[in-house]
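Encoded as structure tokens, the structure appears first; notes follow it.
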Amino acid sequence: MSNKKEEIKDYIRKSYGSIALSKGSGSCCSGGCSCNGQSDIKEISMNLGYNEGDITEIPTGANMGLGCGNPIAIAAIKEGETVLDLGSGGGFDCFLARRKVGEIGLVIGVDMTQEMIKLSRENAENAGYNNVEFRLGEIEHLPVSDSSVDVIISNCVINLSSEKEKVFKEAYRVLKQGGRLSISDVVATAELPPNIKQDLYMMAGCIAGAEYVEDIRKMLENVGFKDIKLEPKDNGKEIVKSWVPDKNIEDYVTSYIIEARKV
């Protein structure tokens, strides 16, 4: 991997490590890496598509206002399934998914940030959750066995990877036949200006790494996915504009729902 890619990855890891240590008082994707209070996080989460029950019934500190949508709402998770969350952060989406899979199901969260893994494990232990586990690892090299997962969810994380097709290839590998990908992410709808693409702050803020939407489709096709669906979130432009209000970011990127199936 090039030095530039390593520099980007290290910057992102440190940024989200700091968020974990602050337990969400500063958040990247939602809030543009600015400081947010808990009341702001609730408002942000409602805007992303979560309901009040989602927010109040989850362990304190799990929801840090990170994301660009609600992948749980589109995943159609069933009891007994195994769910994998790419970039699980403090565990918010994992804890929502665990309610749907029930005690006979399993939710696995993978995150590359040690601080996030420590936080999410503490959250799970304090809540007494036995059907969710968190693993340290990179989404380009998943610590998950072949054909073992029914559903993959992710919330505004794949855009952070500089090797997105490798991420999708890994997702395809770990999914069972008939398994599905249900993610919310930021994609580019126009060419990003060079000053934005080269800005590490914008990279960690889920903007500079956004891939053109049709290139995402091609990547998914290349690794074998079928039934691919990419749709803009209704308030996607509003979401990304809230991160950096003064740069017209919404002219270049927006939040999308991305779905696909391994057949």
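Does Leu160 count as out of contact with any strand residue (DSSP E or B) (no Cβ under 8 Å at 6 or more places or on another chain) and touching a residue at least 12 places away in the same chain (Cβ under 8 Å)? Yes; evaluated as a whole, the condition is true for this residue. The residue of region 206-227 that is nearest to Ser15 (Cα to Cα), among those that are part of a loop (DSSP other than H, G, I, E, B) and of a type outside the set (Asp, Glu), is Cys206. Summed over region 143-158, residues that are buried (at least 23 other Cβ atoms within 10 Å of the Cβ) and of a type outside the set (Val, Ile, Thr) total 3.
Considering (1) surrounded by fewer than 19 Cβ atoms within 10 Å (Cβ to Cβ); (2) among the aliphatic types (A, V, I, L, M); (3) part of a helix (DSSP H, G or I); (4) at pLDDT below 90, the lone condition that Met46 does not fulfil carries the number (4).
Yes/no per residue for (1) without any contact (Cβ under 8 Å) to a residue 60 or more places away in the chain; (2) surrounded by 22 or more Cβ atoms within 10 Å (Cβ to Cβ); (3) over 16 Å from Gly69 (Cβ atoms):
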position	(1), (2), (3)
Phe168	yes, yes, yes
Ala171	no, yes, yes
Gly178	no, no, yes
Ala190	no, no, yes
Gln198	yes, no, yes
Met203	no, yes, yes
Cys206	no, yes, no
Ile216	yes, yes, no
Met219	yes, no, yes
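Scanning region 49-73 for residues that are of a type in the set (Val, Ile, Thr) and either modelled with pLDDT under 95 or over 14 Å from the mean Cα position of the chain (by Cα) (or both) yields Ile55, Thr56, Ile58, Thr60. Checked across region 201-218, the condition of being at pLDDT 95 or above, under 21 Å from Leu84 (Cα atoms) and aliphatic (A, V, I, L, M) holds for at least one residue. Between Val244, Val223, the distinction of being within 22 Å of Glu43 (Cβ to Cβ), crowded, with 16+ Cβ neighbours inside 10 Å and not aromatic (Phe, Trp, Tyr) belongs to Val244 only.
The residue pairs whose first member lies in region 101-115 and is over 21 Å from Val151 (Cβ atoms), whose second member is in a helix (DSSP H, G or I) and not charged (D, E, K, R), and whose beta carbons are closer than 6 Å, counting only pairs six or more residues apart or on different chains, are Thr113/Tyr16; Thr113/Gly17; Glu115/Gly17; Glu115/Ala20; Glu115/Leu21. Being closer than 23 Å to His141 by Cα and of a type outside the set (Asp, Glu): is that true of Leu96 here? No: the conditions fail for Leu96.
When only residues in region 159-200 that are at pLDDT 95 or above and among the β-branched types (Val, Ile, Thr) count, which is nearest to Lys4 (Cα to Cα)? Going through the qualifying residues, I end up with Val167.
The values are calculated or read from the model by the stated rules, or taken from the named source; none is laboratory data. Quantities reported herein were computed from a predicted structural model and do not represent experimental measurements. Please note: Cβ atoms are built from the backbone with ideal geometry, for glycine as well, and neighbour counts cover all protein chains shown.
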